[in-house]
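The values are calculated or read from the model by the stated rules, or taken from the named source; none is laboratory data. Everything quoted here is computed from the prediction, not taken from an experiment. With ideal geometry, Cβ positions are generated from the backbone for all residues, glycine too; neighbour counts draw on all protein chains shown.
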Amino acid sequence: MAEVPVATVDATGLHLPTYDEGLTYFQASFRSIYGEDVNLEPSTQDGQFMALLATALKDANDSVAAAYNAFSPSTAQGVGLSSVVKINGLVRKAPSYSTVDLRIVGQAGASLSNGVVSDEQSQRWNLPDLVTIPLSGEITVTAIAADVGARLAKAGTVTLFATIQAGFQSVTNPLDAIPGQAVEQDPELKARQTASTALPSQMMLEGLMGALVALPGVERVRGYENDTSVPDAETGIPAHAISVVVEGGDTATIAALVARKKAPGVGTYGNVVTTMADAYGIPHSIAFFRPIPVQVAFYLTVRAFRGYTSDVDVLVRQALSDWTNGLGIGNRLIITRAYLPANLNGDIAGSTYEILSMSASRDGVPPEAPSDIEVGFNEVLVSVPSDVRITVIV
């Protein structure tokens with residue numbers, strides 16, 4: 001009798017039999033008992049029973065495969081992935097609060113405990129437990145939204161002290177607030193696990209980025225280095241300096257980590273500057289960038305075929321929006337690559353239309369011809385489904 005086609009694991013990895021192999025095994029075993037002339041066609045009761053046994057065996061083999069895959073961060077999912085990334089000292093990020101960097105001006109030495117500020121929409125933002133104005137007369141801190149989730153605040157809109165304290169004169173947010181996130185999804189956690197393996201690397205910049213991406217609230221990181229003796233013409237990074245662009249996270253925590261991880265004598269470059277004292281009390285300025293969001297609009301002309309509905313229209317808008325938001329910090333938009341998500345990447349709904357033309361713009365005005373969108377090293381492209389404008393030709 002043939003060997004039972006069950007899943008096996010050996011030195012070369014997992015070996016998973018197919019459904020057809022299981023069905024063939026049960027049919028051969030059945031015929032060895034009841035004779036070769038037994039009818040096992042799918043329409044017969046015996047044939048259906050063989051299919052039932054083969055399905056059960058396939059399900060059992062798939063369970064073995066799922067257990068095997070749960071031991072690798074690249075193939076684990078859900079609770080299994082949350083467990084295995086603990087090897088790297090990571091924990092799946094829970095739903096987060098929105099954050100906003102604030103520039104507070106006041107009298108040197110003035111302190112505020114558990115302060116609260118608000119924006120033009122009356123949303124409340126909690127300051128750090130203690131804020132003390134330094135000798136310079138101003139300080140940059142990170143405030144956290146009082147409510148969990150994506151709370152939006154445009155630059156220059158967080159300007160009110162909900163907690164009044166003598167010596168505190170003004171507050172404003174130079175940059176847009178960074179919206180909070182939902183619970184971390186598997187692809188995002190896997191990407192963070194991959195980056196975290198750079199923590200013990202020999203390259204200091206890689207180790208710094210791996211440490212930054214592991215900080216609470218940090219969503220994305222991009223690092224740059226200028227190891228030459230002249231300023232970089234494209235980014236403006238000074239000679240012998242590094243620059244990191246960090247989305248999310250607390251300003252003081254990020255600055256402290258950069259100060260601890262960067263090489264001695266290497267400068268930092270950015271528009272968020274924080275003064276950190278070393279072990280001897282000597283102050284050092286640590287700078288980094290927050291990503292500047294660039295809104296992208298798409299303009300599509302499609303020919304509708306049979307089956308094209310408003311639901312397909314929604315799928316196309318969402319697919320292009322998600323693809324754009326996943327490009328990352330400092331990455332340009334290549335219009336030819338946008339055709340893959342615009343065609344729904346193999347989804348059957350993609351057969352209900354044909355894209356006649358597609359272009360994208362970063363300023364809301366349709367370009368004269370399709371072209372790529374260039375971005376600065378500290379910019380990030382963003383899009384929402386309503387930014388995708390589709391003209392349908394029947």
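Here are a few things to note about the model shown:
- Looking across V365, V312, V394, V375, one residue alone is aliphatic (A, V, I, L, M), touching a residue at least 60 places away in the same chain (Cβ under 8 Å) and either within 30 Å of D176 (Cα to Cα) or surrounded by 15 or more Cβ atoms within 10 Å (Cβ to Cβ) (or both). It is V375.
To keep it simple, each residue is scored yes or no on (1) within 30 Å of Q193 (Cβ to Cβ); (2) surrounded by 13 or more Cβ atoms within 10 Å (Cβ to Cβ).
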residue: P17; (1), (2): no, yes
residue: Y25; (1), (2): no, yes
residue: S43; (1), (2): no, no
residue: L53; (1), (2): no, yes
residue: S72; (1), (2): yes, no
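- Scope segment 238-273; condition under 14 Å from V141 (Cα atoms) and either crowded, with 17+ Cβ neighbours inside 10 Å or among the basic types (K, R) (or both); matching residues: G248, G249, D250, T251, I254, A255, V272
- Residue list for segment 52-73, filter: part of a helix (DSSP H, G or I), touching a helix residue (DSSP H, G or I) at 6+ places or on another chain (Cβ under 6 Å) and of a type in the set (A, V, I, L, M, F, W, C): L53, A54, L57
- The residues of segment 115-158 that are touching a residue at least 24 places away in the same chain (Cβ under 8 Å), of a type outside the set (A, V, I, L, M, F, W, C) and more than 16 Å from A252 (Cβ to Cβ), listed by number, are S118, D119, E120, Q121, Q123, R124, G137, D147, G149, R151, T157.
- Among residues of segment 21-44, those that are within 30 Å of A70 (Cα to Cα) and either of a type in the set (S, T, Y) or free of Cβ contacts under 8 Å to residues at least 24 places away in the same chain (or both), counted: 3
- Residues of segment 286-308 satisfying the condition of being within 23 Å of the chain's Cα centre (by Cα) and within 29 Å of I348 (Cα to Cα): V296, A297, F298
- Looking across G328, G281, one residue alone is surrounded by fewer than 18 Cβ atoms within 10 Å (Cβ to Cβ) and under 16 Å from V245 (Cα atoms). It is G328.
- Of all residues making up segment 130-153, the number that are surrounded by 14 or more Cβ atoms within 10 Å (Cβ to Cβ) and not in a strand (DSSP E or B): 5
- Selection from segment 112-122 of residues that are over 10 Å from V100 (Cβ atoms) and crowded, with 19+ Cβ neighbours inside 10 Å: L112, G115, S118
- Selection within segment 1-15: residues that are closer than 18 Å to D62 by Cβ and free of Cβ contacts under 8 Å to residues at least 12 places away in the same chain. The member of this set that is surrounded by the fewest Cβ atoms within 10 Å (Cβ to Cβ) is G13.
- Annotation note: Cβ proximity below 9 Å between a residue of segment 210-223 that is on the phi > 0 side of the Ramachandran plot and a residue that is acidic (D, E) and at pLDDT 85 or above (sequence gap 6+ or interchain) occurs for G217/D250.
- Only one entry in V375, V380 is aliphatic (A, V, I, L, M), in a loop (DSSP other than H, G, I, E, B) and either at pLDDT 90 or above or in the same structural domain as V316 (by TED's automatic domain parsing) (or both), namely V375.
- Residues of segment 291-304 that are crowded, with 18+ Cβ neighbours inside 10 Å and in contact with a helix residue (DSSP H, G or I) (Cβ under 9 Å, 6 or more places away or on another chain): V296, A297, F298, L300, V302.
- Applying the criterion of being of a type in the set (V, I, T) and surrounded by fewer than 12 Cβ atoms within 10 Å (Cβ to Cβ) to the residues of segment 335-356, the residue that is farthest from E368 (Cα to Cα) is I348.
- In segment 172-194 there is no residue matching the filter, namely being at negative phi, more than 18 Å from the chain's Cα centre (by Cα), in a strand (DSSP E or B) and among the aliphatic types (A, V, I, L, M).
- Looking across P366, P283, P341, one residue alone is of a type outside the set (D, E, K, R), in the same structural domain as P264 (by TED's automatic domain parsing) and either modelled with pLDDT under 90 or under 23 Å from the mean Cα position of the chain (by Cα) (or both). It is P283.
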